[in-house]
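First the structure, in the form of structure tokens, and then the observations on it.
The values are calculated or read from the model by the stated rules, or taken from the named source; none is laboratory data. As the structure is a computational prediction, the values presented were derived from the model and not from experiment. Glycine also receives a Cβ, built like all others from the backbone with ideal geometry; neighbour counts cover every protein chain displayed. Surface accessibility is based on the protein's heavy atoms, side chains included, excluding ligands, DNA and RNA. Shrake-Rupley method; radii C 1.70, N 1.55, O 1.52, S 1.80 Å.
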Amino acid sequence: MEEVLSSRSSSRTSVFHRSCFAMHTRFSMVLVGIDPERAEALAIEAEYELRAQERMMSRFDVEGPVSDLNRRAVNSAVQPAQELWQILSMCRDYWNRTRGAFDITLWPLNHLWREHLERGEEPPEEAIAQARRLAGFERVHFDETAQSIRFQSEGMSIDLGGFGKGFALESLAGILRAQGVEQAFLSFGESSITVLGSHPHGPAWPVGITSMFNPGQTVHTFYLHDASLSSSGTAPFNRMAGPRAVGQIINPRTGRPIEGYRTMSVASPSGVEAEVLSTALLVTPRHERVELLSGFSITSAVEIVYHSTSGEFAPEIEWQYGS
Amino acid sequence: MDPDLSSSSVLIGREHRRDFLKRLALVVGSSSLLAEMPWWSPLRAAPVSDSPADRVRIGLIGVGSRGNVHLAHLLRTPGVEIAALCDDYEPHLQAGLAKVKGAKGFSDYRQMLDMPGLDGVLIATPLYLHARMCLDAFSAGKNVFCEKSLAYTIEECQAIADAHRGSNKVFQIGHQRMFSPVFLRAYELVRNGTIGPVTQIRAYWHRNNNWRRPVPSPDLERRINWRLYRAYSCGLMTELASHHMQVANWYLGAYPISCAGFGSINYWKDGREVYDNVNLVYRYANGTSVVYDSMISNKFYGMEIQVMGPRGTIEAERGRIYSENPPPPAGIVQLINGIEHGFFDTVPIGGPSWVPDLKKDVSGDPLVDEKITDDGTALELAAYANSIRQGKPIPGMMEQACRAGVCVLMGETAMEQQKEIAWPEGFRI
């Protein structure tokens, strides 16, 4: 951003910043120690890359490949382009490795709950049972030979949501590294973060998870070095947005959203795995979590739960893993 | 469109209008750019009482479509008496007189100008009549409010400016956006560099109708549908484009050095003589362009004026501003400051994404928070009345009127002659 650049003096560390809207949230990029002109060129390249990723993975782009798949994969097997096929295969792999806790087919349930919760009510049991029959990765058939995909029933659909952000961050980080960038902070709406190297004045990038009811209170600090951090969770209905649940997480085992206000933040060397695990851990019972994590290169995870005492919500770390 | 004009509601309307004007005086007073918009100064005048000493007596020339809008506003403007109405079309005159108790009726405006005690006129007639009516009114020593566009030819624009220069009378033009708080705010943001230097202005006015008014008998066609005939009007240019060209010139603080464009009748081939679509580019000395188009066979895009710079876009009609690069979230700002000043600070983040922030930013931000229903018409009339009362011309007004008026006539000529037309050298305001 011009203001940041022009305000620095020679004694200061040069910082370049750019924010833009992508993947239905705000993307921010902070580069350190890069010549302004090069940084500007990198920002343009980054934005171009994000648009391409968004086109490939967004379910909201009616002309995009995911919409195409969601429309056509019911009646016939669809062959997505190579890259999307690989992403969907990765998602299936993660679904297996998380024992079904990470699932990109929960849209019908998400949609049903959102619709009813906006009216302040729960959906009827019959509707939940019906939506559950339209969700579940076991109902997506992969043909390895033809590299094609087919849904078992009409009404099913795929939503790459958070996974897409993790995937985009990883590919962006790769591009920046290849261009010789050593220190960078990349963020999607602060819920998905990837850093390169360390903070210019310390051994890592310190990222503090603050209370969602009291932004001044840091509940836990992660120290990231060449790593990613993803947070998933439920948040209170927001007055500004009207009656709308933000960050609703469906538990695929029950077909119901997880209860209470809670967040799971996961740091990992892989942006995609941080994304997968922040959701998967949240819906996995605590006694099964450590076993689930054994196959992942995770470094640490923190679950924060907000308990209400006399109307005030106070954060508490209820579960923690790793350093 | 016409409000209830019974006498009690007029009084209530006036009280309401007085409050409205008081509130707006605060808005106006708080603007740091008053010196650049001197035409707002009359609105800072002391509140008006209903005493005869404060009363300004106005005569309306033309009580058709636009004339009636003014009439309704004037009935609610504090300290204004509508003393006379003039229209050479009898049904309009009678309908007007029925709304204003005690006003004198005229079919010839020259007789109205002879009426004793008349302070000013408001001209809302077909374009080709503007110049002669303005000139006659100045000759008769009257203050003048003239509807846009200023005049039918560039020579007539010059004649009006010349006549006004020596008169010491108030002149006001019906470009109401000059008095719109939303457009004022947009101007402030343009001038304070919020969107960076203006690199292009794009404006358009699209409708989807034949632009005709119902005609009671065929012999009245040309009188009632005067906007469709070249002898009386320049069609879309003078009747619509003049508004956005006025705003463009105002925001750029300049007039164009030349323009080029094309127009045609490509859909409403019903005997009309003015283009049903116009497409123009205006060139300014600093390298900025204003791209303008208007059509009446598609309304999907409606109307807008978009002011663009490297940091953002302002859509003044919608009253919104869009940032080219959204500002960083608070946590990132803290991070940047920390790095710059050598601190090893924690970046605070709030957990799951907050969707609402995003929604607000992608759809832009409102230019003014308060819902303002006046498009500037009420204020331009209040400014006119106040100026007459103070006996002081409205500063800068003739310049705005001439620049916009000449601009659209340049455009019309460019399209008719199919060549680039330069700003008239030696034009003097």
Hand me the chymotrypsin sites (Phe, Trp or Tyr not before Pro) from the range B:250-327 located in a DSSP loop with no more than 14 other Cβ atoms within 10 Å, in residue order please. B:267, B:300, B:301
Could you work out how far helix B:65-76 tilts from the main Cα principal axis of chain B, as a 0 to 90 degree angle to the nearest 10? 80 degrees
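Stokes-Einstein diffusion coefficient for chain B at 25 °C in a medium of 0.890 mPa s, Rh from the Kirkwood formula over Cα pairs: what value in µm²/s?
Values: Rh = 23.3 Å.
In µm²/s, the coefficient rounds to 106.
Rounded to the nearest 500, what is chain A's calculated 222 nm mean residue ellipticity when only DSSP H runs of at least 4 contribute -39500 (n - 2.57) each, over all residues? Mind dumping the intermediate values first?
On the way: 9 runs with 111 residues, N = 323.
Computed ellipticity for chain A at 222 nm equals -10500 deg cm²/dmol.
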Which residues qualify? For residue B:318, with a placed amide H closer than 5 Å and at least 5 residues away or on another chain, they are B:305
So the angle from the long Cα axis of helix B:242-252 to the longest Cα principal axis of chain B, reported in degrees to the nearest 10, equals 40 degrees
For residue A:20, solvent-accessible area (1.4 Å; no DNA, RNA or ligand), Å²: 10 Å²
How large is the direction-averaged shadow of the alpha-carbon convex hull of the range A:115-190, in nm²? 8.8 nm²
Under Karplus coefficients 6.51, -1.76 and 1.60, residue-wise ³J(HN,Hα) of the range B:315-332 in Hz, glycine/proline x: 10, 6, 5, 6, x, 9, 10, 10, 7, 5, 10, x, x, x, x, 4, x, 6
Cα-only Rg/Rh for the range B:48-198 with Kirkwood Rh rounds to 1.03
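Would you work out what percent of the accessible area of the protein assembly as shown, with all protein chains in place, is carbon or sulfur (probe 1.4 Å)?
On the way: 16140 of 31850 Å².
It is 51 percent, rounded to a whole number.
For the range A:118-222, what is the accessible area per residue in Å² when the probe is 1.4 Å? Could the numbers behind the result be given before it?
On the way: 4260 Å² over 105 residues.
I get 41 Å² per residue for the range A:118-222.
Counting only heavy atoms of protein chains, what accessible area per residue, in Å², does chain B have with a probe of 1.4 Å?
Values: 17920 Å² over 429 residues.
Normalised by residue count, the accessible surface of chain B is 42 Å².
With 20 Å as the cut-off, how large is the P(r) tail for the range A:65-159, expressed as percent of Cα-Cα pairs? Can you show the working numbers first?
Values: 1719 of 4465 pairs.
Counting every Cα pair in the range A:65-159, those more than 20 Å apart make up 38 percent.
If you filter the range A:112-174 for GluC sites (Glu not before Pro), then keep DSSP loop positions with at most 15 other Cβ within 10 Å, what is left?
Numbers: sites: A:115, A:118, A:121, A:125, A:126, A:138, A:144, A:154, A:170; in loops: A:121, A:144, A:154.
Here the sparse-neighbourhood loop sites are A:121, A:144, A:154.
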For the range A:220-229, take each phi angle, set θ = phi - 60°, evaluate the Karplus expression 6.51 cos²θ - 1.76 cosθ + 1.60, and give the result in whole Hz per residue in order, putting x for glycine and proline. 8, 10, 9, 10, 9, 9, 6, 8, 10, 9
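How big is the shadow of the Cα convex hull of the range A:40-106, averaged over all directions, in nm²?
On the way: hull surface 23.6 nm².
Reported value for the Cα convex hull: 5.9 nm².
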Using only the Cα atoms of the protein assembly as shown, construct the convex hull and provide its projected area averaged over every direction, in square nanometres to one decimal. 41.1 nm²
Helix B:154-165 versus the longest principal axis of chain B: what is the Cα-based angle in degrees, 0 to 90, to the nearest 10? 80 degrees
Per-residue [θ]222 nm for chain B (sum of -39500 (n - 2.57) over DSSP H runs n ≥ 4, rounded to 500): -11000 deg cm²/dmol
Equivalent ellipsoid semi-axes - Cα gyration tensor, the range B:181-319, angstrom: 32, 15, 13
Hey, in the GNM for chain B with a 10 angstrom Cα cutoff, which one of B:313, B:199, B:77 fluctuates hardest? B:199
Given H placed 1.01 Å from N in the peptide plane, which residues other than close sequence neighbours of residue B:172 have an amide H under 5 Å from its amide H? B:144, B:145, B:146
Sort out the exposed loop chymotrypsin sites (Phe, Trp or Tyr not before Pro) in chain A (DSSP loop, at most 13 other Cβ within 10 Å) and tell me the longest stretch that has none. A:61-236
Compare B:283, B:230, B:213 in a GNM of chain B, Cα atoms joined below 10 Å, and give the one with the largest fluctuation. B:213
Given 4 °C and 1.567 mPa s, compute D for chain A with the Stokes-Einstein relation, Rh being the Kirkwood radius over Cα pairs; round to the nearest whole µm²/s. 62 µm²/s
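Averaged over B:171-183, how many beta carbons belonging to a partner chain fall within 10 Å of each residue's beta carbon?
On the way: counts 0, 0, 0, 0, 0, 0, 0, 0, 0, 0, 0, 0, 0.
Mean shielding count: 0.
Taking a ≥ b ≥ c as the square roots of the Cα gyration tensor eigenvalues, with a/c under 1.5 meaning rounded and otherwise prolate when a/b beats b/c, else oblate, which class fits the range A:204-323? Walk me through the numbers on the way to the answer.
Numbers: a/c = 1.73, a/b = 1.28, b/c = 1.36.
Since a/c reaches 1.5 but b/c is at least a/b, the shape of the range A:204-323 is classed as oblate.
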Any idea of the total accessible area buried by the A-B contact, 1.4 Å probe, rounded to 100 Å²? 3700 Å²
